[in-house]
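Below is one structure; the comments refer to it alone.
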């Protein structure tokens with residue numbers, strides 16, 4: 001677990017290690033970013049939601065398929081409430097040296113074996129995104145479902161993250177020369193995660209006004 005001071009700054013002993021890891025591979029592991037009680041609450045909320053199939057795609061076509069929690073469900077509201085935290089923003093800025101973070105916007109995904117749930121190589125270079133984040137919320141072990149990050153012009157993997165403990169997270173850089181993917185779920189599971197993006201715009205006040213109004217629909 002990373003140690004954070006009252007102002008959101010990461011303690012020096014952790015900061016050097018985490019900055020070095022992120023600089024080296026454009027990705028950093030953050031063990032137990034959220035604690036067991038919050039993880040369990042989100043797990044219950046996701047279990048109560050009726051998941052729907054989501055096809056991932058952009059102007060170049062579809063590149064993946066997962067299950068996701070619809071945007072009006074309480075689980076997603078709770079997830080955004082947890083992640084839109086100035087203390088957390090300060091810590092992430094401290095580690096990654098990114099531009100100031102205005103807000104976090106995310107989704108809750110689940111993937112199961114036999115469903116061809118995976119996400120092919122792609123970038124997330126849109127919508128003022130600075131960094132991507134994944135938090136493991138799985139309640140059972142699974143095989144496959146490995147996150148991989150690479151440079152767009154290379155087959156060499158910069159970072160690879162297999163199954164972690166529930167509550168563990170990783171943050172990765174978003175840039176025009178980077179791509180990432182999620183390999184297919186092969187067994188066990190389901191793999192359930194909170195995913196999303198730290199964005200430079202809008203600022204939190206504007207985001208909160210828009211999102212909370214949307215959440216009441």
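The values are calculated or read from the model by the stated rules, or taken from the named source; none is laboratory data. Please read these numbers as outputs of a predicted model, since none were measured by experiment. Methodologically, a virtual Cβ is constructed for each residue, glycine included, from the backbone with ideal geometry; neighbour enumeration extends over all protein chains shown.
Can you pull out the residues in region 123-148 that are in a strand (DSSP E or B) and within 22 Å of residue 95 (Cα to Cα)? Residues satisfying the conditions are 129, 130, 131, 132, 133, 134, 135, 136, 147, 148. Going through region 174-191 one residue at a time, which ones are in contact (Cβ under 8 Å) with a residue 40 or more places away in the chain, within 23 Å of residue 26 (Cβ to Cβ), assigned to a loop (DSSP other than H, G, I, E, B) and touching a strand residue (DSSP E or B) at 6+ places or on another chain (Cβ under 6 Å)? Result: 174, 183. Out of 160, 155, one residue alone is exposed (fewer than 14 other Cβ atoms within 10 Å of the Cβ) and in a strand (DSSP E or B). It is 160. Going through region 80-92 one residue at a time, which ones are closer than 26 Å to residue 21 by Cα and in contact with a strand residue (DSSP E or B) (Cβ under 9 Å, 6 or more places away or on another chain)? Matches in region 80-92: 82, 83, 84, 85, 87, 88, 89, 90, 91, 92.
Screening residue 201 against (1) at pLDDT 95 or above; (2) closer than 24 Å to residue 35 by Cβ; (3) in a loop (DSSP other than H, G, I, E, B) leaves a single unmet condition, (2).
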